[in-house]
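Data first, discussion second: the structure below is written as structure tokens.
Read-outs throughout are calculated quantities, based only on the coordinates presented, and are distinct from any laboratory measurement. Everything numeric here is computed off the predicted structure, so don't read it as measured data. Reconstructed Cβ throughout: ideal geometry from the backbone, glycine too, with neighbour counts over all protein chains shown.
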Amino acid sequence: MTEKKRKSTEEESAKQETGEKTEEPQEETKKDKKEKKKEKKEEKKQRKEDEKIEELKEENAQLKEQILRNQAELENFKKRMREERIKDRKFANAELVKGLLPILDNFDLALERERQNESLQASLKGFEMIKRDLFKTLKDAGLEEVEALGEPFDPTYHQAVSTEARTDCEENTVLEEMQKGYLFKDRLLRPAMVKVSVVPEEDSENEENTASEEKGEG
């Protein structure tokens, strides 16, 4: 009985040792799973943080770009405002000068009409001096006469009010200046009213016939 009991005790001890050995790997597996789960969780968290950082970087880049655009627009606005102020100052007296043009016209008209009147020569000299001084003052401010007489007709600066058939000059030549035109600092205040040369009807018909004949021969 003692031997059996001893063997039984040894077998139980062996079973207990075997059981303990088999339980150790199970405990390590659970631990590994926990570690892996924790690592995955940390990796996921890290990915989210990295994504958030990238988003912030992109937003920052967009903000910087927007700031640069706004600065450029502001500089362009300031430049336009400076140019407008300069332009306004440059042409500030344009309307005032334009209002004085009829006075110059009256001087020119009086001097032209009464030039042959001997009794008015002294008065005309005084008028001429006043007109010359007035024009000099306006010229110093920026007024200039439009070149017209003998020049090719230019609709930008000339207004044709009549025509005359001529053979002694080029077509569309200004023959007569009926009213002076003026510029103020390169801006047109008033076009010159002029008479313009045209080709006589006979010459025009001959040119048309010649052109038709050449076209027919061709």
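What FRET efficiency, computed as 1/(1 + (r/R0)^6) with R0 = 35 Å and r the Cβ-Cβ distance, is obtained for Glu58 and Arg89, rounded to the nearest 0.05? Working shown, then result.
Numbers: r = 47 Å, r/R0 = 1.34.
For R0 = 35 Å, the calculated efficiency reads 0.15.
Taking the mean number of other Cβ atoms within 10 Å as a proxy for protection, how do you rank 175-181, 41-47, 158-164, 109-115 from highest to lowest?
Taking the mean over residues of other Cβ atoms within 10 Å, the ranking is 175-181, 158-164, 109-115, 41-47.
Applying 1/(1 + (r/R0)^6) with R0 = 41 Å to the Cβ-Cβ distance of Arg47 and Leu68, what FRET efficiency is obtained, to the nearest 0.05?
Approximately 0.80, to the nearest 0.05.
Can you tell me which lysines have their Cα less than 16 Å from the Cα of Lys87? Leave out same-chain residues fewer than eight positions away.
Within the straight-line cut-off, Lys87 pairs with Lys78, Lys79, Lys185.
Of the peptides 143-153, 57-67, 119-129, how do they stack up when ordered by the mean number of other Cβ atoms within 10 Å, highest first?
143-153, 119-129, 57-67
Taking H placed 1.01 Å from N in the peptide plane, check which residues at least 5 places from Leu183 or on another chain put their amide H under 5 Å from its amide H.
Excluding prolines and chain starts, which carry no amide H, the hits are Glu144, Glu145, Val146, Leu189.
Taking H placed 1.01 Å from N in the peptide plane, check which residues at least 5 places from Ala160 or on another chain put their amide H under 5 Å from its amide H.
Sorted by chain and number, the residues that satisfy this are Val194.
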